[in-house]
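Reading through the structure tokens given below for one structure.
The values are calculated or read from the model by the stated rules, or taken from the named source; none is laboratory data. Just so we're clear, the structure is a prediction, and the values are computed from it rather than from any experiment. Glycine also receives a Cβ, built like all others from the backbone with ideal geometry; neighbour counts cover every protein chain displayed. Side chains are part of the model used for accessible areas, which takes the heavy atoms of the whole protein and leaves out ligands, DNA and RNA. Shrake-Rupley method; radii C 1.70, N 1.55, O 1.52, S 1.80 Å.
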Amino acid sequence: MDKQLLLLISLQELDILRKDRIKEEEVGFEMDNIKKMEEARASIVSQLKDHIYRKYTRLTKRYGSAVVPVVNNICQGCYLLLPTQMISPEQQNKSVITCPNCGRILYWID
Amino acid sequence: MEKNLIKKILEKAEIRLNVDAKEKFQIINELVKTLKVDKDKEEMLINAVIQREKIGSTGIGNGIAIPHTRSLVIKELMVAIGRPKKPINFDAQDKKKVNLVFLLVAPPYAYKREYLILLGKIAETFNEISADEKLFSVKNEEDFKTELSKLFGV
């Protein structure tokens, strides 16, 4: 898998954790080491190429989530059936590819 | 509705009794491996659960821990329950060592509800779970599931 894509997925998972904090605390979990979370986030961001991080930020602001899975060749962000010629199975997850319709970053889950 | 959901999740859950693990990251590793996902996804799940654990322990007390995370690399909620051979230090809120671990991994957006329902159910029942001697003495996975289902009332 492409290293930048892997970092983007980790970054999105961390951002989900941040959002989940209130719900988690309601259930009874403590998430007290916020410093650790911010450090982990900064470390991921420092490894991302600038233009890719900018794209991630822009997409997150617009849609809430920048990286979406592809299931049965369908972008799970906008539900567009991706053109089959767009990317061969061998190329999937080997670079940062965006949906031609909504622009979200794609992760082939299968 | 909620009962059916928990019943279904329990039926599909992976159970491991007598897990040979000495510390919390080791049992997380072992439990993620029972989920039988591809190697690269397995590694990503382990990292995500450990990352969550570093932010705050999921050892909720009375010997129960619920390591969990949401991850983009899976399509549905997956659960693995492990009973370690010996109690493990999980940096739990009450400092007690843990002798039952519920690992939950869920996709980020879909099935949001069932993830929270199960988390809530375990958190609300953890005192009963930890007091149930049978749960800690049964010898096979099926009996364990039956006992846990009784505790959850499903």
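Using a 1.4 Å probe, how large is the accessible area of B:Lys33, given in Å² and rounded to the nearest 10?
Spelled out: B:Lys33, probe radius 1.4 Å, area about 90 Å².
Take the residue pairs B:Lys8/B:Lys75; A:Lys36/B:Lys24; A:Lys19/B:Lys54; B:Lys39/B:Lys139 and return only those whose Cα atoms are more than 25 Å apart.
Pairs exceeding the cut-off: B:Lys39/B:Lys139.
Ignoring ligands, DNA and RNA and using a 1.4 Å probe, state the total buried accessible area between A and B in Å², rounded to the nearest 100.
2400 Å²
Below 12 angstrom from the Cβ of A:Gly77, what's the summed charge of the other residues (Lys, Arg +1; Asp, Glu -1)?
With Lys, Arg at +1 and Asp, Glu at -1, the net is +2.
Dipole size in debye (nearest 20) for the stretch A:3-108 around its Cα centre, Lys and Arg Cβ +1, Asp and Glu Cβ -1?
540 debye
Quick check on the stretch B:59-127: what are the equivalent-ellipsoid semi-axes from the Cα gyration tensor, as sqrt(5λ), descending, whole Å?
Taking √(5λ) for each eigenvalue gives 24, 12, 9 Å, largest first.
Report the calculated FRET efficiency for A:Ser95 and B:Lys96 (r = Cβ-Cβ distance, R0 = 41 Å), to the nearest 0.05.
Once the sixth-power term is evaluated, E becomes 0.30.
Using just the helices of chain B, give the 222 nm mean residue ellipticity in deg cm²/dmol: DSSP H runs with n ≥ 4 each add -39,500 (n - 2.57), and the total is spread over all residues, rounded to 500.
After summing the helix terms and dividing by the residues of chain B, the value is -15500 deg cm²/dmol.
Got a sec? Charge dipole of the protein assembly as shown, +1 on Cβ for Lys and Arg, -1 for Asp and Glu; which of B:Pro67, B:Val37, A:Leu81 is way out at the positive end?
A:Leu81
Suppose every K and R has +1 on its Cβ and every D and E has -1 on its Cβ; what is the size of the dipole of the stretch B:37-83 about the Cα centre, in Debye to the nearest 20?
In debye, rounded to 20, the stretch B:37-83 gives about 140.
What's the percent breakdown of Cα-Cα distances in the stretch A:27-88 across 5 Å bins, shortest bin first?
4, 13, 14, 16, 18, 15, 10, 6, 3, 1
Note down the Stokes-Einstein diffusion coefficient of the protein assembly as shown in µm²/s, whole number, using a Kirkwood radius over alpha carbon pairs, 37 °C, and 0.692 mPa s.
170 µm²/s
Can you work out the PRE-style zone for B:Lys3? Point 7 Å along Cα to Cβ, and I want the residues of the stretch B:129-145 with backbone N under 15 Å.
Backbone N within reach: none found.
At each listed q (0.11, 0.14, 0.15, 0.20 Å⁻¹), what is the log10 of I(q)/I(0) that the Debye formula gives for the stretch B:1-144 modelled as equal alpha-carbon point scatterers?
-0.36, -0.61, -0.70, -1.34
Mean projection of the alpha-carbon convex hull of the stretch A:3-108 over all orientations, in nm²?
Here the figure is 7.6 nm², rounded to one decimal.
What is the spin-label model distance, in nm, from A:Glu26 to A:Asn73 if the labels are put 7 Å beyond Cα along the C-beta direction?
4.1 nm
Rounded to the nearest 20 Debye, what is the dipole magnitude of the protein assembly as shown about its Cα centre when Lys and Arg each give +1 and Asp and Glu each give -1 at the C-beta?
The calculation lands at about 540 debye.
With label points built 7 Å along Cα→Cβ from the Cα atoms of B:Glu141 and B:Asn127, find their separation and express it in nm.
Those two pseudo-labels are separated by 3.3 nm.
Which net charge results when you count Lys and Arg as +1 and Asp and Glu as -1 among the other residues whose beta-carbon is under 11 Å from that of B:Lys145?
Summing Lys/Arg as +1 and Asp/Glu as -1 gives -3.
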